[in-house]
Amino acid sequence: MVYALPNLTDDSYFITLMIFSGINAIVAIGLCILMGSAGQVSLGQAGFYGIGAYASSVLSQSFGLPVVISMLCAAVISGIAAVILAAPSLRLKGHYLAVATLGFGEIIHIILNEFGPGGPSGFGDIPALSAGGFVLTTPAHVAWVVWGILLLLMIFSLNMLNARPGRALRALHGSETACNAMGLDVVGLKIKVFVLSAVYASIAGSLYAHYVSFISPSSFTLFHSVLLLMMVVLGGITTVWGGLVGAVIITLLPETLKAFEELDVLVYGLILTLSLLFLRRGIVPIVTAKIHSLLVRRNA
Amino acid sequence: MLEVQNISKVFGGVHALVDVSFSVAEGSLSALIGPNGAGKTTMMNIISGIFPPDKGSISFKGGVITRLSPAAIARRGLSRTFQHIELFAEMTVLENILVGRYIKSRSGFLAAGLRLPFVRTEEEKNRAKSLEILASIGLEGKADELASNLPLGEQRMLEIGRALATEPSLLLLDEPAAGLNIRETRDLGKMIVRLNTEREITILLVEHDMDLVMRISTSITVLNFGQKIASGKPADIQRNRDVITAYLGEEDPSC
Amino acid sequence: MMNFFKATLAVTLLLMISVSFAAAQEPIRIGAILSVTGAASFLGEPEKNTVIMLKEQINKAGGINGRPLEVIVEDSKSDETQAVLAAKKLIERDKVVAIIGPSTTGESMAVISTMMQNKVMLISAAAGTGITLPVKERYWIFKTAQYDMSAVEAIYYELKKKGIVKVGIITITTGFGDAGRKALQEIASQYGISIVADERYGPKDSDMTAQLTKIRAAGAQAVINWSVGPGQVVVTKNWHALKMGIPLYQSHGWGSKKNIELAGKAAEGVIAPLGRVVIWDKLPEKHIQKALLKKYVTEYEARFKGEPGQFGAHAYDAMQMIAEALKKVGPDRQKLRDYVENNLKNWPGAGGVYNMSPSDHCGLDKNAFEMVVVKNGDWMLLK
Amino acid sequence: MLTVFLQFLFSGLTVGSVYALVGMGFNIIYNATSIINLAQGEFVVIGGLLMWFFLESCKLPFLLAVALTILSAGLVALIMERLTIRPLKTNDLLIMIMVTVAVAIVMRGLLMFKFGKEPYSFAAFTEGDPLVIGGAVIQLQTLWVLGITGTCILALYAFFNLTIAGKAMRACSFDPTAASLVGIPVSRMIMFSFILSAMVGAIGGIAITPISLMEYDKGPMLAVKGFCAAMMGGLGRGRGAVVGGLTIGVLESMTAGYIHSGLKDAVALLILLSILFFRPAGLFGNAAMQRLKGH
């Protein structure tokens, strides 16, 4: 994308792409922490994303709450949903956890379809992002806000991962037996990390809804969950930077592939397959390892 | 410090432990020995809470811990190592120790993410403490290596170091010498004694290596087929008929 | 591997750039956002074909007052996010003067704010009422698809004539089915009709016997199914197999010969309100739409080996409206909009006869439909 | 009342037997590799669409068309396994699952390219009026689907328990290392498992297309339902998937009939979740087996 940057900066199409990349990246870094650090799989992340979008939209539109407040409330609701999902899922591992989260995501989708305002058709005229009377009208403003939030969450995540809770999460991934012997509250940690990733997804969902101003259940399906998973795996699961990079690539890729017209789905699938086969550890870990080895060689 | 009273455990019809009692005195360096299948590891797992006993009770520092979770037991000051090494393989040596500091620190998700001032001081303190532990187990030069890259002997040391980081009052060592060569075993023995005497940590050692046990422990309990057959000072145990018979079946009793 | 990526990326970007700069002879650009792939591809496919065919015909006939017409078709993949992106791209990067589409109600709703902000006319090919209403907040938005309400009115009018007062409805859980369901519920009482069973099914469901059984048990005198895609064929087959003994009405989405073919014998007797594009050959010669429909449908079928159907017709009308406006007022976004709003009176299109006005940005009513029954594997006008 | 109940039951069994066939496909591959092959639904689609191609487009005789369809599906699976699963020498299940997702996207692209987006169908295997049992109607093709599902179960059971190849495949699932030590070509067994599950999927596609039609993007839905069926019965247990599939089908249909059709998928999922939470090894799995496999 670097080739295209200079002459595109004041192009609102490009800015919109950046907004969607940023929104996806917020979900992806949450998923990275959940999967890469804590080793929990989620095939239901679109569910939390959807809760964030719907809850915030309804609260701000029907109840007239300020957007910021409704986003925070939505995050709380998602967090509660995460506890409800996580508590019984904790005994499950691998495929079983995957199918439990998948079921959760699908149930959320069905609930939105059946009971969401507008049903399957969705609903519109959702208030735009605003804070303290200042309404964000242009895409450029929204892009700043989205990437600003992304940056803050990134810093938050890195801080967290490099301190006590982050180490505990990675330890959980390594050996649960040893974690118990070290006195770690395994159950609590797992619930907390689920909540954390749900809150990230919820914030992203709210941003999406307030930016597009129209939402329908079709944006919050299993396929979106799989796509999110793809971002994380492609970018590299072991670091939150991987989530960021993967989200940007997966968001931009279909746009880049438009030149292939009808064949784009095919090319898209092929690129994904090849990347998974040859960039198995994910782009970010591979690139950092490469840079690392280059530096080492130079120093030697 | 630790009272094990009338513990029994049956696994699918096999009596792994039958009515076993023993105690570990404060400040002692006790050992639990016995031939293969005697029930030593089962006893370790029951003490540390991995599974509950069928009968009997265990008290630690005056409180009953029989049905507590492993984590709760660890938080009361009872830490352990594993026969099959359970390090956090993808984390560095220093990070492994730092995980051990978990229960001795308190910064949560929010505080850590926001990097509140107290988090920073706590992190610094933990770091200093961990480096000190690394030095005491001779791994100070390898702080940033991945745990999985260490040789076996150092991995065992690291497990002990990680357990030390929780500042335990009782340390359970589950076959720490397994797989080590003679020199490594000798160093290990010295270190265990040092922990016992200098840091004043009570130690319960489960070990195969009779030589090591006889050399360093102050009191010994012997299990065979799930039953306690003897306990006492090393010199007494070495002369005990039952013990010799028990070991003759499988191992060389000369040590 | 990285080199391969770089190469792909570079080639793709070059292609994109070459596409957008191949504007040597100053063509007039319009955009189209269509669900060419994804769940709503049954809409986007004929729409895209229609748009491409019309563009070539217009250019062959001398273009827009001598200037070539260029249509940039964006595939929204039946996804709202993609539709928004496509709208931004068309407006910002391709500087189009008007946009056709999107194909579905959801996608149309999603792009409305973008169109309003950028002051570009959108002629949607989707049916949802909310697309053009309230008209005050939809200054730049028009649509060529008949209101769902109109199709419902056509059916209810028919039912009333037959004295049927209790119906069971079965709808698909997509935007299309949901819009139909709401319309069916909303005006049932106006026609003295009560809905005794309200059943739904998913877009990929393979058996609707349970829902139909429930409708029969509820004592309905007719079944109304509202869906597009394979679901309507499955419902028809189940209805036939169950020998329900009550008539089956389908929505205006039924209008494809393919459906009769897939349902076989089961389709006999199914009644639906269809646009005239489907039954143009059954129309009397002097009908105002006959000539243009004959030309459109025969040319389309010759070229694409399939029928344009109801949905192709929406794109046809949108394209013709824009082309006519461009010829009359030139490529000015505001003037184009004003022309479409004020000058299309009694305007024959493929989807019906339009009467656009400042208070109606659709311009069609239930007269856009003919009630059609399936007889001997063909359509027949219901008299 | 009974009539209505029976009708719901038949409807559920029809839908459920498809889920069961897809679920069996999941199990075959899972048993040999511990992979969840999320491209499983695409094999069903390939079955339906290729059958249409051979039967209606090439005008081949019915049985020849069936044989060619099943063989082609096997071939596709062979190519998939050799090109993507085999080169992927990793223990990371997540990567393996994501690869199957990517392959499914490629397959959908190819199917769309060849067949377009519209649904396809061909005539039911036998002409004739539906049967009426207790007032409830059951289509002849439904009987075919049920019969074929039953035959597949029996055939697979015989294959895994009576033939050397089948026993070898089961051995691979218990312990690949031990299996290779006693001379079983594990890699070839994995390949066979992909071929076999593709064939089972394709058979399902052939059987259901006259009832439910087939279009290029039906795969993911089938995969999700089949996956749920396999989980409900206990992942890796052939008969479990059948019971799981039929249970889900009947539950969906009963929910649609007695509660509300909009909620039918939700009820099936809720039951699946409760089974997961309270009996993680599935209705028929035993917990010890699950621990052994370690997933």
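The values are calculated or read from the model by the stated rules, or taken from the named source; none is laboratory data. The structure displayed is predicted, hence computed values, not measured ones. Virtual Cβ from ideal backbone geometry, glycine too; neighbours counted across all protein chains shown. Heavy atoms of the whole protein, side chains included, go into the accessibility calculation; ligands, DNA and RNA do not. Shrake-Rupley method; radii C 1.70, N 1.55, O 1.52, S 1.80 Å.
What the table shows:
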| item | result |
| --- | --- |
| Failed criterion for A:I155 (all others in (1) hydrophobic (A, V, I, L, M, F, W, C); (2) in a helix (DSSP H, G or I); (3) in contact with a helix residue (DSSP H, G or I) (Cβ under 6 Å, 6 or more places away or on another chain); (4) within 12 Å of chain B (Cβ to nearest Cβ) hold) | (3) |
| Number of positions in the range A:236-258 that are touching a Leu at 6+ places or on another chain (Cβ under 7 Å) and modelled with pLDDT of 85 or more | 7 |
| C:M109 being part of a helix (DSSP H, G or I), more than 14 Å from every other protein chain (Cβ to nearest Cβ) and under 19 Å from the mean Cα position of the chain (by Cα) | no |
| Residue pairs meeting the criteria (Cβ under 9 Å; at least 6 apart or on separate chains; first at the interface with chain D (Cβ under 7 Å from one of its Cβ atoms), in the range A:264-290; second part of a loop (DSSP other than H, G, I, E, B)) | A:V265/C:T37; A:V265/C:K77; A:L276/D:L88; A:L277/D:P87; A:L277/D:L88; A:R280/D:L88; A:R280/D:T90; A:R280/D:D92 |
| Residue within the range B:6-23 that is under 18 Å from the mean Cα position of the chain (by Cα) and aliphatic (A, V, I, L, M) present | no |
| Residues of the range A:150-169 that turn out to be surrounded by fewer than 20 Cβ atoms within 10 Å (Cβ to Cβ) and in contact (Cβ under 8 Å) with a residue 24 or more places away in the chain, as a count | 2 |
| Within the range B:71-83, considering residues that are in a loop (DSSP other than H, G, I, E, B) and either within 9 Å of another protein chain (Cβ to nearest Cβ) or of a type in the set (V, I, T) (or both), the one surrounded by the fewest Cβ atoms within 10 Å (Cβ to Cβ) | B:R76 |
| Filter result (within 12 Å of C:T105 (Cβ to Cβ) and in a loop (DSSP other than H, G, I, E, B)) within the range C:115-132 | C:A125, C:A126, C:A127, C:G128, C:T132 |
| Checklist (1) away from chain C (no Cβ under 14 Å); (2) under 26 Å from D:A67 (Cα atoms) applied to D:S173, failing item | (2) |
| Filter pass, C:V36 being within 14 Å of chain D (Cβ to nearest Cβ) and in contact with a helix residue (DSSP H, G or I) (Cβ under 6 Å, 6 or more places away or on another chain) | yes |
| Helices (runs of 4 or more DSSP H) contained in the range D:176-257 and holding at least 2 residues among the β-branched types (V, I, T), within 30 Å of D:A123 (Cα to Cα) and in contact (Cβ under 8 Å) with a residue 24 or more places away in the chain | D:186-212, D:238-254 |
| Helices (runs of 4 or more DSSP H) lying entirely in the range C:283-383 (those with 3 or more residues that are open to solvent by less than 70 Å² (accessible area, probe 1.4 Å), in contact (Cβ under 8 Å) with a residue 60 or more places away in the chain and within 27 Å of C:E153 (Cα to Cα)) | C:309-329 |
| Of the criteria (1) over 16 Å from the mean Cα position of the chain (by Cα); (2) modelled with pLDDT of 90 or more; (3) not aromatic (F, W, Y), which one C:K243 fails | (2) |
| In the range D:68-101, the residues that are more than 8 Å from chain A (Cβ to nearest Cβ), in a helix (DSSP H, G or I) and more than 18 Å from the chain's Cα centre (by Cα) | D:L68, D:I79, D:R82, D:L83, D:I85, D:M96 |
| Residues (surrounded by fewer than 24 Cβ atoms within 10 Å (Cβ to Cβ) and in contact with a Ser or Thr (Cβ under 7 Å, 6 or more places away or on another chain)) located in the range B:95-110 | B:R101, B:I103, B:K104 |
| Hey, A:E106 buried (at least 21 other Cβ atoms within 10 Å of the Cβ), charged (D, E, K, R), over 16 Å from A:A38 (Cβ atoms) and facing another protein chain (nearest Cβ under 9 Å) or not | yes |
| Neighbours by Cβ (under 6 Å, 6+ apart or cross-chain): first from the range C:42-58, within 14 Å of chain D (Cβ to nearest Cβ); second at pLDDT below 90 and in a helix (DSSP H, G or I) | C:L43/C:F311; C:P46/C:G309; C:P46/C:F311; C:E47/C:F311; C:N49/C:F304 |
| Options B:K55, B:K9, B:K40: the member that is open to solvent by 50 Å² or more (accessible area, probe 1.4 Å), over 30 Å from A:S37 (Cα atoms) and more than 8 Å from chain A (Cβ to nearest Cβ) | B:K55 |
| Scope the range C:111-131; condition more than 18 Å from C:V96 (Cβ to Cβ) and either buried (at least 23 other Cβ atoms within 10 Å of the Cβ) or among the hydrophobic types (A, V, I, L, M, F, W, C) (or both); matching residues | C:A126, C:A127, C:G128, C:I131 |
| Strands (runs of 3 or more DSSP E) wholly inside the range B:165-255 containing at least 2 residues that are touching a residue at least 60 places away in the same chain (Cβ under 8 Å) and open to solvent by less than 30 Å² (accessible area, probe 1.4 Å) | B:170-174, B:202-206, B:219-224 |
| In the range D:102-131, the residues that are among the small types (G, A, S) and outside any helix (DSSP H, G or I) | D:G116, D:S121, D:A123, D:A124, D:G128 |
| Single residue of A:T137, A:T177 found to be part of a helix (DSSP H, G or I) and open to solvent by 40 Å² or more (accessible area, probe 1.4 Å) | A:T177 |
